[in-house]
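Quick notes on the structure that follows.
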Amino acid sequence: MSVNLKGRSLLTLLDYSAEEIRYLLDLAVKVKAQSKKGEVNQRFTGKTLALLFEKRSTRTRCAFETAFGEEGGHPVFLSTQDIQMGVKESVEDTARILGRMFSAIQFRGFKQSTVKTLAEYSGVPVYNGLTDQFHPTQVLADIMTLEENFGVSAGKKLCFSGDGRNNVARSLMVISAKLGINFTVITPAALNPDRELVETCLSISAVSGAQIRITEDRAEVGGADAIYTDVWASMGEESKKEERVQLLKPFQVNEALMNRTGRKDTIFLHCLPAIKGEEVTAAVIDGPSSRAWDEGENRKHTIKALMLATIPGCAE
Ligand code: CP
Ligand code: NVA
């Protein structure tokens, strides 16, 4: 086995090679099959996991907590409303202490710099469970779901219609560039992803063969294997809601947009939670093309694979 991820953090996915991402996706498929067979494993026995949350979560928290706990690990939920970090104690000092008590740390919150500092000072693997900038564990589940429907993702066409500068769109761009997925962001110019990340992804795609496109033209969904969307105002951006509704209304994923792919087998993806009637209609997300619920389940399998691969001493 040439891939060894023991001790590695997952902060942005930018520092993971295509081979390492492939390894995590293949391990997630194996872990899911084990779960479906009812296999009981205890690969996290004796391990501990700190789950730090500044922002709300259903899927990410439950995926980490159940994946770790059901295999003998001890997860500890730490809301930043309750702990000293950011009030009486620096992120650095919190990281130093957590690193003495936990085998790994998950952080969900606002700043990317917080999760980076936790990784620098704790000495254990740190997982970004969503920041304002990236949502890397999400996109592992998204690509796993795409592959469950269409096989290997390289060369497939994935379109994101909505807030092109948000954490999910940015992370989809990164994983697509790495894996050779043709990724089109369909968004108003005011919400284009930042130039720096686009340039980075374009240079990565020169190696992988991915086509990365940013456009306002909804006709670009033509031929898409999957159409993806996310909320119009992310957590922490509630004050921008009205402005976003005006900007993004034309980018709603509805049956008319799904039909514009010209394919009957295009699937719909959404990281969830969804606001039905805004970024997606109920007819689409609750309809036959939707794979959003499989995608939500796959959060658990991909997160278990990530922890098995990176926590030292765990058998994969
Ligand atoms: N997709 C996702 O991260 O969901 P939660 O906010 O419920 O964790
Ligand atoms: N972009 C959304 C994703 C939620 C999983 C947010 O940050 O709120």
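Would you kindly identify the strands (runs of 3 or more DSSP E) lying entirely within the range 182-259 that contain at least 2 residues that are surrounded by fewer than 20 Cβ atoms within 10 Å (Cβ to Cβ)? Write out each step before concluding.
Details: elements: 182-186, 212-215, 226-229.
By residue number, 212-215.
Scanning the range 43-88 for residues that are among the polar types (S, T, N, Q) and either touching a Pro at 6+ places or on another chain (Cβ under 7 Å) or under 23 Å from Leu272 (Cβ atoms) (or both) returns Ser57, Thr58, Thr60, Thr66, Ser79, Thr80.
Conditions first: (1) on the phi < 0 side of the Ramachandran plot; (2) in contact (Cβ under 8 Å) with a residue 60 or more places away in the chain. Ser113 passes all but one, so which condition is the exception? Exception for Ser113: condition (2).
Note on the range 268-297: among residues that are within 15 Å of Val168 (Cα to Cα), part of a loop (DSSP other than H, G, I, E, B) and of a type in the set (A, V, I, L, M, F, W, C), the one that is nearest to ligand 2 (Cβ to nearest atom) is Cys271.
No lab work stands behind these numbers, since they all come straight from the coordinates. None of the values given here were measured: they were computed from a predicted structure. Here Cβ is always computed from backbone atoms with ideal geometry, including for glycine, and neighbour counts include all displayed protein chains.
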